[in-house]
Structures are given as structure tokens and as C-alpha cells.
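The values are calculated or read from the model by the stated rules, or taken from the named source; none is laboratory data. Treat the numbers as computed from the prediction; the structure is a model and nothing was measured. Here the Cβ is made from the backbone with ideal geometry for all residues, glycine too, and neighbour counts use every protein chain on show.
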Amino acid sequence: MLTYMEVHLYYTLPVVALLMLLLRPFHSAQDRLKYLFLCGMAFSTAAPWDNYIVYHRAWWYCPKCVTMVIGYVPLEEYMFFIIMTLLTVSFTNLVMRWHLPTFFLKSTLSPFQSLCVRLLPMAAFLTIGVKAWFAAIPDTPLFYGACILWYVCPVLALLWFGASEYICRRWKGVIFSIMVPTIYLCWVDKVAISAGTWHISERTTTRKMVVANLPVEECLFFLMINVVLVFATCAMDRAHAILHFYRRGSAKMQTLQQQSSFFATMLDLTKAFCLSDQMLDDQPLDDLCTTWNILKAGSASFYTASAVFPSNARQDLCILYGFCRATDDLADNEAVPVEKRKQQLDLVRDFVNDLFTQKSNCATDIDWTPYMDLPEDCLASFRCFVRLRHVLQVDAILELLDGYLLDLKRQPVRDEKGLIRYSECVASSVGEMCTRILVNSNSEMAGKMNQSTLSWTVDRARDMGLVLQFTNIARDIVTDSQQLNRCYLPMTWLSKVEIDSIKNGRARQLGDDRLKELALRLVNTADGINLRARRGIDKLPSDCQGGVRAACAVYCAIGQALKNNDGYPMRAHVKGLKRAWIALQSVYDMNFSSVSSSN
């Protein structure tokens, strides 16, 4: 005999626990709201519905197989309302989280087509619901199936109203998220029915079986409830994406939005839910796609690694990196004369100064006429970048532009102070901006973190920028020499002959031993700074820590690869499987200290 509690202990709770464990590093306030709201709605609606159908003997349970009964329903059944919701919603989160919801907001349909896609299925759902209501006559073969349909169809109509096109654009993930939990729960149901834990009435069903001991009505129940849960998850993801992407206003307004109550948040989500895709401005979405493509082409590794961050943080980080990549391309474009590139960087500096004199985060508030000489993809990234104005500090952005200017002027790195200054410009500045974005992405942390803690965390991020840049320079001594005729090592570390060799593309003439000596001098310096820098990760939002650890650990492993190599490799790297293992350890914070110390 299998008790109902044992069904949970053996079959449902372990799966929920596994899913929660897998999602633990990525769990965000948005996910918490989703779980609380959907579990609350599921429990409050399913409890009276299930009591009604049990009262009418649609199914019953073995009295010896349950702990206690509340109303007409066992305690374990009430537990199941929550467990099934957590199982399906968490599985859907795991499937859907790898793609940014914002990219599924833009409508490609005409207004008439969009209206048809929205209204026709709604009419069908409501019609089925009404017919099912009248067909749900107790003690008849259609009772159980009809009760399922009148319970779910009005909800499906509502969800389709708010997220129809979004659901259609994500159809692969939606179908997968529905079918896997449905098949698993049907199997669990078959096991329980076979064991006599509960029984489905022959009087209130069609007596048709999908397989032995699995009535078609039970399959219908799991399928339709999972459709509701997956549609609801999509609807909340879409509403959150709209709120985050189309937010407007000053830094003060952003702070008020972050500190809003649960009911205010739900009201905002409801308003976003009611907006059709046709009502959304396409220009910001087009700009985001362009910025994303810049990042994808210029930094595929960061594009891939960004998937471990929560969607809001990932979106803003990629906007930042897209801006950095677009401006870096302006500085590095050898097809454009140096003077022209300097003029373009001056325009970028003017844009940044203009941006920080604004009192809103809306791109339409900026006069773009002076910047029309810049490439269109660059302008698109700038329009996206405007939304980060309230998060970032102007000094860090100007510092990054100073770094581009140093590269453009091909200024040599004269000594260790010059090395630190250059690395601060091109890397520490980015570390600072990333940290501010990550802290701001978590509304609870943004409201609670005091200025001194934020400043300390930013300083540690700037240290980590030095670590990564020193490692980058150590790895690319030969590459920078051969491809750029550049030397980023301090001149005081080199003889005149060595300087000439590196600047003329002949770094290999220094020999492996000398190249490795120079590289390890940088790596060892980076290791010392890393001990201090990585402490700042613990001050970041918990849902962002794993991603930052992974990015830093994988990069620092390059230093270890340089140490382990017999000579000096053309471009030291970490093999795919090892890189994946380091990232996995870091994301789940497994043995991270040993990984760091080995670096």
C-alpha cells in the first residue's frame, strides 16, 4: 500500500527539491513573487473546486492512505496544489530563463492579425467553458471532464488576452514546459491509482484509459492545469519585461518604484499585462536587438556567460557591454583616419555629458542631431544606454573614454603606475559600472545598501578589473605585438631591444622563458589583488554572485594555464570542459575557495 504522503515523499517533493536546487543560484525577487502569487492563486481556486468534485464523488481516496481530511479533501491533496505549482513553474523557469523575455515583446503582425490571434482563441476558450459548465452534471460520465474544462478555460482566456503573442513566439519552450511535467505527473498518478492510494469514479468519467489505470480525464487535468501554469508564468515574465524595459523617469522615481509594496507591484504588473504588443514602442526594441548583435559579434563569450544572470541584470549588463563594444569599435576602426576617430570619441564624450545633464531616462529627451555622424548601430546602442543614466556615475564612463584615447594615441605604458592607470581606464571603470547595475537590479538590496558599503563594493570591483586586465595583458603579449604592434607591458620592465621587438611585431624573439617571466610577473600581481577583490562578490545580490564568480574564476584560470605551460603559448586558454566545470563550481559556490587559491 502506498500512502498519499509517500507519493509526495517519493515522487513529487524530490523533483521539486532538485529543481529548486538547480535554480538556487538564479533565484530572484521576481521568481519569489511568481511562486508566491501563483501558489496563492492555485490554492485559493483549486481548494473549493476540488472539494466540490470530491463531494460529488468524482474521485475518492483510501481512508488509511491519508493523514487527515479537511472538508472533503485530504491534507495531502492541499499540499499537491502547492507542489504541482512549484514543480511546473520552476521547471518552466529553468527552460525559459536562458532567453531574454524582452526579445519576445515585439509584434510582427498587423493590427488585424494581432486582434484575431488574441480574440479568436479567447472566444473558443470561453465557449468551451460555458458548454462545460452546463455539461457538468453530477453522476454523469461527463461530470469530471466538464468540471476540469469550466475550471481552466476562463483562466486560459484571461491569460491569452494578456500574453497570446508572447506565448506564440516562445512556442517551443512553452510546449516543452507543459509536456514534461504533464507526462511525469501522469506517470505518478498511474502509480498511485495502481497502488490504491486514490480512485477515479467510473460513474463520473467516460471510462476511457490512456494506458492501464490512467483515465483520460486525469491526463486532461494535468495537461490543462500545466497549460494554465505555463501560460501564467509567461504572462508574468512578459509583464515584468515590459515594466523593466519601458520604465521612465528620474533616479528618485526609480527608487520609489523599487520600494513599492506588493500590491503596488501587482497593480503595475496588471497594467503591463493589459497592454497589447501593438501598443509598445518598437524603436527601443529595435535598438536593443542592434545592441545585442554588436555584443554577440564582438564578445560572444560574454554574451553566452550573461545567461547566468537574472533577466533584468542581464539586459542592463548587455546594454552596458554593447555600449562599450560600440565605442571600442569606433576607437579601433583602422579603416577610419585617426583624426576622424578622435572626433567621434569627442562626440561620444559630448553625448555622455549631455546624458548626465538630463533628468529622465528617456532617449526622446535627448537631441540626437549633433551625433548623426556616428554609425547607426552606435546610435542604437547609445539610445539603449540612456536607460542606465540613473544607475551609473559619469566619471566611470569618462574614464573608459580616456582609456580609448590612450589606445588611439598609442601612448606607451611607461611604468607600473602607467599600467595601473591604463587598466583602471579600460577595465576598472567597467567593473564599477557592472557593480552598480547588479546592485540596482535587486530592489531590496538597492534600498538597503548604505553608501559606504556600496563604495567599498565598487572599489573591490575596480580591483577585479585590474586582475582581469593584467591577466589579459599577460595572455596577449605576442598577440598584441603581432596584430597591433603594441606593448602594454611597462617600459621599465623591458630593455630597449625588447621594446623594439615587441612594437615591431617580433615579440617571439624575446624567447619563451623571458615571455613567461614577464607574463607571470603580471599574473602574480593579479593573484595578490584578487585576494582582496573577490571579497566584494559577497556584497552583490545573491542571484548575481554566481555569475560574477564564474566570469572571474574562468578568466583567472587563464593565469593558471600560463603558469602550467612549459613555455609561453600563443594565446593561453582554458579547455572547454574545464572551463565549464570551473563555471559550474563557481555558479553553485562549490569549493570556490580552492579554485581561487589554485589560481
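So the values come out like this:
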{"quantity": "Selected residue (criterion: surrounded by the fewest Cβ atoms within 10 Å (Cβ to Cβ)) from residues of the stretch 484-493 that are in contact (Cβ under 8 Å) with a residue 12 or more places away in the chain and of a type outside the set (V, I, T)", "calculated": "N485"}
{"quantity": "Residue selected from the stretch 156-187 under the condition of a type in the set (K, R) and closer than 16 Å to N93 by Cα, by the criterion surrounded by the fewest Cβ atoms within 10 Å (Cβ to Cβ)", "calculated": "K172"}
{"quantity": "Selection from the stretch 561-572 of residues that are part of a loop (DSSP other than H, G, I, E, B) and either acidic (D, E) or free of Cβ contacts under 8 Å to residues at least 40 places away in the same chain (or both)", "calculated": "D566, P569"}
{"quantity": "Qualifying residue in the stretch 447-463 (condition: touching a Gly at 6+ places or on another chain (Cβ under 9 Å), under 14 Å from T525 (Cβ atoms) and modelled with pLDDT of 95 or more)", "calculated": "yes"}
{"quantity": "Residue that is surrounded by the most Cβ atoms within 10 Å (Cβ to Cβ) [pool: residues in the stretch 127-151 that are aliphatic (A, V, I, L, M) and outside any helix (DSSP H, G or I)]", "calculated": "A136"}
{"quantity": "Within the stretch 459-540, helices (runs of 4 or more DSSP H) holding 2 or more residues that are touching a Lys or Arg at 6+ places or on another chain (Cβ under 7 Å) and closer than 22 Å to K409 by Cα", "calculated": "477-484"}
{"quantity": "Residue in the stretch 51-67 that is within 30 Å of G173 (Cα to Cα), at pLDDT 95 or above and among the aromatic types (F, W, Y) present", "calculated": "no"}
{"quantity": "All positions within the stretch 152-188 that are in contact with a Pro (Cβ under 9 Å, 6 or more places away or on another chain) and part of a helix (DSSP H, G or I)", "calculated": "L156, A157, W160, S164, Y166"}
{"quantity": "Residues that are within 30 Å of H8 (Cα to Cα) and touching a His at 6+ places or on another chain (Cβ under 8 Å), drawn from the stretch 65-118", "calculated": "E76, M79, F80, I83"}
{"quantity": "Qualifying residue in the stretch 549-560 (condition: exposed (fewer than 15 other Cβ atoms within 10 Å of the Cβ) and either modelled with pLDDT of 95 or more or not in a loop (DSSP other than H, G, I, E, B) (or both))", "calculated": "no"}
{"quantity": "Subset of the stretch 331-360 that is within 17 Å of L379 (Cα to Cα) and assigned to a loop (DSSP other than H, G, I, E, B) - its residue that is farthest from the chain's Cα centre (by Cα)", "calculated": "N333"}
{"quantity": "The stretch 38-79 - residue that is crowded, with 17+ Cβ neighbours inside 10 Å and within 29 Å of the chain's Cα centre (by Cα) and, of those, farthest from S194 (Cα to Cα)", "calculated": "L38"}
{"quantity": "Any hit, the stretch 361-376, residues being modelled with pLDDT of 90 or more, closer than 19 Å to Q283 by Cα, in a helix (DSSP H, G or I) and aliphatic (A, V, I, L, M)", "calculated": "no"}
{"quantity": "Residue count for the stretch 561-580, restricted to those that are at pLDDT 85 or above and either under 24 Å from D31 (Cβ atoms) or out of contact with any Phe, Trp or Tyr (no Cβ under 9 Å at 6 or more places or on another chain) (or both)", "calculated": "8"}
{"quantity": "Some residue of the stretch 188-207 being free of Cβ contacts under 8 Å to residues at least 12 places away in the same chain, farther than 22 Å from P74 by Cβ, surrounded by fewer than 22 Cβ atoms within 10 Å (Cβ to Cβ) and of a type outside the set (A, V, I, L, M, F, W, C)", "calculated": "no"}
